[in-house]
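Here is the structure we will look at, set down as structure tokens.
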Amino acid sequence: MKNFYNAFTLAEVLITLAVIGIATMLTLPTISVHYQKKTQIAGLQRIYTQMANSVRLLMVDERVKSLFDSYLVQTSSDSVEDTAGQFLHKYFKIAKDCGADPTDCFAPSYTNLEGGAVTVPDENVYCVMVANGASVCVEPLNDQYKISGTVIVDVNGYAKPNISGRDLFMFHIYGDGFVGDRGGWWKDVDYCKSSTYGFGCFNRVVNSDWNMDY
């Protein structure tokens, strides 16, 4: 009788261990994805806060109420180096300067959340890799058409997943100093998933209290 109960107890232990093992295998991918999202959001929030603070400092330093009166606006005679380049060099700690070519600061290829190919724009942008490992491109505001500036950021540089809406995002710098997006694209999750550079996804993250609900 004693041997029977010992064997029965051992069987129970083995079954319990098997159940725990299966449960762990099923939950680990979910935990991993959740952790990755939190890490990517933290990186996005960090670079966004730094960008917003830098824009405010620029306006104070230049004593302007509109960025269209600052050097971050590009006229026909200004270069991207004199505008976005000057801004990044003054307010960010730069680990790598890629200038007008984002190739060396960003991963060689990206996709959107639906698997479509995405290419980081290489026209009229100034790109750097900052000290915390994020890659940043800034397009200056346009004086002629009064167009807002653009920020494209990969929150973890070369590292994967290299997917727009996960670690690649885009938002804007407006003339009144507001940094972010004022459009309503974020309300359509399908737009976020199919957009380039994570456009629309940024606002969705912000309006979801800094969560990736997609």
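Observations
- Verdict on Asn211 being part of a helix (DSSP H, G or I), over 22 Å from Cys98 (Cβ atoms) and at pLDDT 90 or above: no
- A single member of Lys65, Lys93 is basic (Lys, Arg) and within 28 Å of Arg166 (Cβ to Cβ), and it is Lys93.
- When residues of the stretch 49-65 are limited to those that are charged (D, E, K, R) and assigned to a loop (DSSP other than H, G, I, E, B), the one surrounded by the fewest Cβ atoms within 10 Å (Cβ to Cβ): Arg63
- Under the condition of being in contact (Cβ under 8 Å) with a residue 40 or more places away in the chain and basic (Lys, Arg), the residues counted in the stretch 95-150 number 1.
- For the stretch 152-169, filtering for residues that are surrounded by fewer than 24 Cβ atoms within 10 Å (Cβ to Cβ) and either closer than 22 Å to Met59 by Cβ or not hydrophobic (A, V, I, L, M, F, W, C) (or both) leaves 6.
- Those residues of the stretch 66-94 which are in contact (Cβ under 8 Å) with a residue 40 or more places away in the chain and not in a helix (DSSP H, G or I), in sequence order: Ser66, Leu72, Val73, Gln74, Thr75, Ser76, Asp78, Val80, Phe92
- Scope the stretch 154-203; condition among the aromatic types (Phe, Trp, Tyr), on the phi < 0 side of the Ramachandran plot and part of a loop (DSSP other than H, G, I, E, B); matching residues: Tyr158, Tyr174, Phe178, Phe199
- Matching residues in the stretch 154-169 - criterion: being out of contact with any Pro (no Cβ under 8 Å at 6 or more places or on another chain) and either more than 7 Å from Ala134 (Cα to Cα) or at pLDDT below 95 (or both): Tyr158, Ala159, Lys160, Pro161, Asn162, Ile163, Ser164, Gly165, Arg166, Leu168, Phe169
- Qualifying residue in the stretch 80-87 (condition: farther than 18 Å from Ala131 by Cα, exposed (fewer than 14 other Cβ atoms within 10 Å of the Cβ) and either in contact with a strand residue (DSSP E or B) (Cβ under 9 Å, 6 or more places away or on another chain) or not basic (Lys, Arg) (or both)): yes
The values are calculated or read from the model by the stated rules, or taken from the named source; none is laboratory data. Keep in mind it's a predicted model, so treat the numbers as computed, not measured. Methodologically, a virtual Cβ is constructed for each residue, glycine included, from the backbone with ideal geometry; neighbour enumeration extends over all protein chains shown.
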